[in-house]
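Undergrad: The structure's right below; bear with me while I get my questions together.
No lab work stands behind these numbers, since they all come straight from the coordinates. In this text, all values refer to a predicted model and were calculated from it rather than measured experimentally. Cβ atoms come from the backbone with ideal geometry, glycine included; neighbour counts cover every protein chain shown.
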Amino acid sequence: MKPFNVRLRFHGDLNVFLGSKAGDAVIERPLAEKTSIKDIIESCGVPHTEVDLILVDNQTVGFDHTLSSDAKVEISPVENRGTNRAEKRLQTIGIIRFVSDGHLGGLTRNLRLLGFDVAYAKTADDRQLLEVMVRENRALLTRDRRLLMHGIVQHGYYPRSQNADEQTIEVVRRFDLSKLVAPFTRCLRCNALLEEATKAEVIDKLEPLTKIYYDQFRRCPDCNQIYWSGSHFAKLQKRIEKIRSRI
Ligand SMILES: [Zn+2]
């Protein structure tokens, strides 16, 4: 096969993967064999989960599309979705179930605080993460690019920030979750949905002052953690308001 040249231009925040600070990165890839567009894009360091639109010589294509001759490729992220070519977008927006890797404990806690379903085990290895993702149809949250590039990953997201509150805002925006926020409905420790509990049901587990000052409780049916609107609650409320004001 005759060697050929692919010219890729990456738009918007895809440039965080390319270290390009001044505008859209352009990368030339000389190739000598038929190659899928997914492999070409990922060889530049951009996971396919971050790519929402691919134009090859101005035609929209999917990840399976292969190239075997010179081409110009435009690659766009999920942000700035116009109405243009809306039907050809590659990513799904309205996903509400996630699995996050062991480094994203803060993000996991925040998302649960907002009521979202996030599977998380601090010690889970890559294989276990992918298993949970497939079995429970969850989107994978990780800052491990290699893992996101795995062919089995359909939905995922790479948090750009290393700060948990910023990551939370990113995920809510990326998956358009702002209308689904339901604070204090899910256990922060184990992800189960909380149930109302009467004071009588939980009283023998409460500290003396809590017994006196509080009357409304929620309990986790899985791990038995009890929640009430104590001083930690006010702190969490503040955090929720801070996140909400940005989404
Ligand atoms: Zn629990």
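Undergrad: Output ³J(HN,Hα) for region 5-21: one whole-Hz value per residue in order, computed from phi by the Karplus curve 6.51 cos²θ - 1.76 cosθ + 1.60 with θ = phi - 60°, and x for Gly and Pro.
TA: 10, 10, 10, 10, 10, 9, 9, x, 7, 5, 5, 5, 7, 10, x, 8, 9
Undergrad: Quick one: 3J(HN,Hα) in Hz for region 196-210, Karplus 6.51/-1.76/1.60 with θ = phi - 60°, rounded, Gly and Pro as x.
TA: Calculated HN-Hα couplings, in order: 5, 9, 7, 4, 4, 5, 10, 4, 6, 9, 9, 6, x, 5, 5 Hz.
Undergrad: Just for the Cα atoms in region 1-74, what are the lengths along the principal axes, largest first, rounded to whole Å?
TA: Here the Cα extents, ordered largest to smallest, are 36, 20, 20 Å.
Undergrad: I need to check one value: relative contact order of region 1-138, counting alpha carbon pairs closer than 8 Å and at least 6 residues apart, in percent.
TA: 22
Undergrad: Would you list which lysines come within 26 Å of Lys72, measuring only between C-alpha atoms, while excluding same-chain residues fewer than 8 positions from it?
TA: Cα-Cα hits under 26 Å: Lys2, Lys21, Lys34, Lys38, Lys88.
Undergrad: Now a separate question. What is the percent of Cα-Cα separations in region 55-190 that go past 18 Å?
TA: 59
Undergrad: Report, in listed order, any pair from Lys179/Lys242; Lys211/Lys242; Lys122/Lys235; Lys199/Lys235; Lys179/Lys235 with a Cα-Cα distance greater than 19 Å.
TA: Lys211/Lys242; Lys122/Lys235; Lys199/Lys235; Lys179/Lys235
Undergrad: Of the DSSP beta bridges with both residues in region 63-198, give the percent that are antiparallel, rounding to the nearest 5.
TA: Beta bridges within region 63-198, antiparallel portion: roughly 10 percent.
Undergrad: Using the Kirkwood radius built from alpha carbon pairs, what does the Stokes-Einstein equation give as D for region 1-126 at 20 °C and 1.002 mPa s, in µm² per second?
TA: Taking Rh from Cα pairs, D becomes 130 µm²/s.
Undergrad: How do 38-49, 235-246, 146-157 rank on mean C-beta neighbours within 10 Å, highest first?
TA: 38-49, 146-157, 235-246
Undergrad: With the crude spin-label approximation of a point 7 Å out along Cα→Cβ, what separation in nm comes out for Arg246 versus Arg173?
TA: 0.9
Undergrad: OK, next. Can you grab the distance from the C-alpha centre of region 211-242 to the C-alpha centre of region 136-192, Å, no decimals?
TA: A separation of 23 Å, based on Cα centres.
Undergrad: Shifting gears a bit: Going by amide H atoms built from the backbone, whose H comes under 5 Å of the H on Arg97, apart from near neighbours?
TA: Here the answer is Ala139, since their amide H atoms fall under 5 Å of that of Arg97.
Undergrad: Here's another thing I want to ask about it. Among bridges DSSP assigns within the chain, what percent are antiparallel (round to 5)?
TA: The antiparallel proportion sits near 60 percent.
Undergrad: What is the mean projected area of the alpha carbon convex hull for the chain, to one decimal in square nanometres?
TA: For the chain, averaging the hull's shadow over all directions gives 15.5 nm².
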